Amino acid sequence: MNEPSSFVQGSVVGCPDSELEKPPYTPVVGGQLNSGTICMSAQQQLSSHYNLHNLYGLTEAYATHALMNIQGKRPFVLSRSSFPGIGRFSGVWTGDVRSDWEQLRFSIPVLQFSLFGVPLVGADICGFEGNTNEELCVRWMQIGAFYPFMRNHNDRPNAPQEPFVFGQKAQAAMRTALNLRYSLLPFLYTLFHRAHTSADTVARPLFMFPTDPHCRTIDQQFLWGSSLLISPVLEQGAVELSAYLPAGTWYHLHNGQPFHSNGQYVQLSAPLETINVHVREGHIIPQQEPALTTAASRENHFFLTVALSTGGWARGELFWDDGDSLRTFETQNYCYVNFTAGQSQIVSNPLNLNGALASLLLGGVQVFGVPSQPLYVLVNGEKVIDFTYKTDTKVLTVTPLVLPMSKTFTV
């Protein structure tokens, strides 16, 4: 609670009957502005509490973030209270959400914090207030795997909700969701780099397709960058869902199954162990083999998921540094690699290197949308025999590979 918090509403003697206490508009939560805090008319050194309440979160985040100059490392700061500008200093979580399906659904529009300059945001997975249940917690873990900030968190009096307290089927579904997130950390890290340097969004709403009127009101799906479309289950007992795919070709991340959309809803199978994620045509997603920790994952082999456009091209990028040092972008202390696909080949082009990728290898490539089975595959000009092609989904997989990520390669 990084704002003045009180379990007495306003004051034990009440608050004055003034415009500060009863302005024309008040938030729905609590019914009045002094709910859970002190009177709005309370005087502080600079001004009334009405003018200063939300600044507590911002100024505390600023002061805490400044400790990086003492530690010499990146800070991790998390705030519940927020104010415009806080995204520069802190992530935000959405407070004490209830453990129910309605709050699960409400968590998606909250991801629009990215539009306000706060890319690191997330809700308490499985809910904070009240007891969760197995199905709700599995579905929340699946959507939570795509919150920019992911955390399972609840109140002490409530039932435990760690994955290990549930049945084997639920544990397997949660493990799948966590492994998927960990495999996508290089892509997510690159999205955060773009947010830092270009004010791009990490999690974004579908109305980022501005010419598609259907996307303006969709609030039960969201995107990671412009490449991944997440369509979670948000209803109890559901084993399928209706998802909107903007115009173009979208490939299921799990198996490369293509969907050629004119801008339409499609029915997707969604048993308990499944979260539907689609890759947009024309994009290359850098991934890594997941491990038990982010530190261990960073040492594993990379692999590329290439989603070819109908014209046979795709592009992607990877930003990589040590994950801890300050101002790596400003001081050119990072690696940046461009990936392009076209004319039946994938090419990496390292544009900036600092040694962070020196020991890391590309272990494989999967290419979605390959129109016909290749007669052979060349890696840096030499034939390889370890590749497979699935005629039903038109997916080409080339693995195992041992290609240095810090050097140019061609597949």
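The values are calculated or read from the model by the stated rules, or taken from the named source; none is laboratory data. Just so you know, these numbers come straight off a predicted model, no measurement behind them. For neighbour counting, all protein chains shown are included, and Cβ atoms are generated from backbone atoms with ideal geometry for every residue, glycine included.
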Evaluate the following for Arg151: is it under 13 Å from the mean Cα position of the chain (by Cα), farther than 22 Å from Ala270 by Cα and of a type in the set (D, E, K, R)? yes
If a residue has to be assigned to a helix (DSSP H, G or I), touching a helix residue (DSSP H, G or I) at 6+ places or on another chain (Cβ under 7 Å) and of a type outside the set (A, V, I, L, M) to count, how many in the range 176-211 make the cut? 2
Only one of (1) at pLDDT 95 or above; (2) more than 20 Å from the chain's Cα centre (by Cα); (3) part of a loop (DSSP other than H, G, I, E, B) does not apply to Ala291, and that is (2)
Within the range 227-269, which residues are closer than 19 Å to Trp313 by Cβ and β-branched (Val, Ile, Thr)? Thr249
Quick test of your reading of the structure: Asp392 fulfils all but one of (1) among the charged types (D, E, K, R); (2) within 23 Å of Gly256 (Cβ to Cβ); (3) part of a strand (DSSP E or B). Name the failing condition by number. (3)
Considering only the range 159-173, I want to know if a residue exists there that is under 22 Å from Leu223 (Cα atoms) and not β-branched (Val, Ile, Thr). yes
Quick check on the range 80-102: of everything there that is under 16 Å from the mean Cα position of the chain (by Cα) and of a type in the set (A, V, I, L, M, F, W, C), which residue is nearest to Leu120 (Cα to Cα)? Val92
From Tyr376, Tyr336, residue being surrounded by 14 or more Cβ atoms within 10 Å (Cβ to Cβ) and free of Cβ contacts under 8 Å to residues at least 40 places away in the same chain: Tyr336
State yes or no: is Arg194 over 30 Å from Asp322 (Cα atoms) and within 21 Å of the chain's Cα centre (by Cα)? no
Test Thr293 against the criterion of being out of contact with any Ser or Thr (no Cβ under 9 Å at 6 or more places or on another chain) and surrounded by 15 or more Cβ atoms within 10 Å (Cβ to Cβ), and give yes or no. no
Which of the residues that make up the range 191-220 are among the hydroxyl-bearing types (Ser, Thr, Tyr) and surrounded by 20 or more Cβ atoms within 10 Å (Cβ to Cβ)? Thr201
Quick check on the range 300-322: of everything there that is part of a strand (DSSP E or B) and of a type in the set (A, V, I, L, M), which residue is surrounded by the fewest Cβ atoms within 10 Å (Cβ to Cβ)? Leu318
Given the criterion surrounded by fewer than 15 Cβ atoms within 10 Å (Cβ to Cβ), of a type outside the set (A, V, I, L, M) and not assigned by TED's automatic domain parsing to the domain that holds Asn133, identify the matching residue among Gln264, Gln257. Gln264
With respect to the numbered conditions (1) without any contact (Cβ under 8 Å) to a residue 60 or more places away in the chain; (2) within 23 Å of the chain's Cα centre (by Cα), which one is the sole condition not fulfilled by Arg105? (1)
So Leu362, is it assigned to a loop (DSSP other than H, G, I, E, B) and touching a residue at least 24 places away in the same chain (Cβ under 8 Å): no
If I filter the range 215-233 for residues that are in a loop (DSSP other than H, G, I, E, B), farther than 27 Å from Gln103 by Cβ, polar (S, T, N, Q) and not assigned by TED's automatic domain parsing to the domain that holds Ala341, do I get at least one hit? yes
Filter result (exposed (fewer than 15 other Cβ atoms within 10 Å of the Cβ) and either in contact with a strand residue (DSSP E or B) (Cβ under 9 Å, 6 or more places away or on another chain) or of a type outside the set (Phe, Trp, Tyr) (or both)) within the range 151-170: Arg151, Asp155, Arg156, Pro157, Ala159, Pro160, Glu162, Val165, Gly167, Gln168, Lys169
Matching option when the condition is small (Gly, Ala, Ser) and either within 16 Å of Leu188 (Cα to Cα) or part of a loop (DSSP other than H, G, I, E, B) (or both), among Ser242, Ser325: Ser325
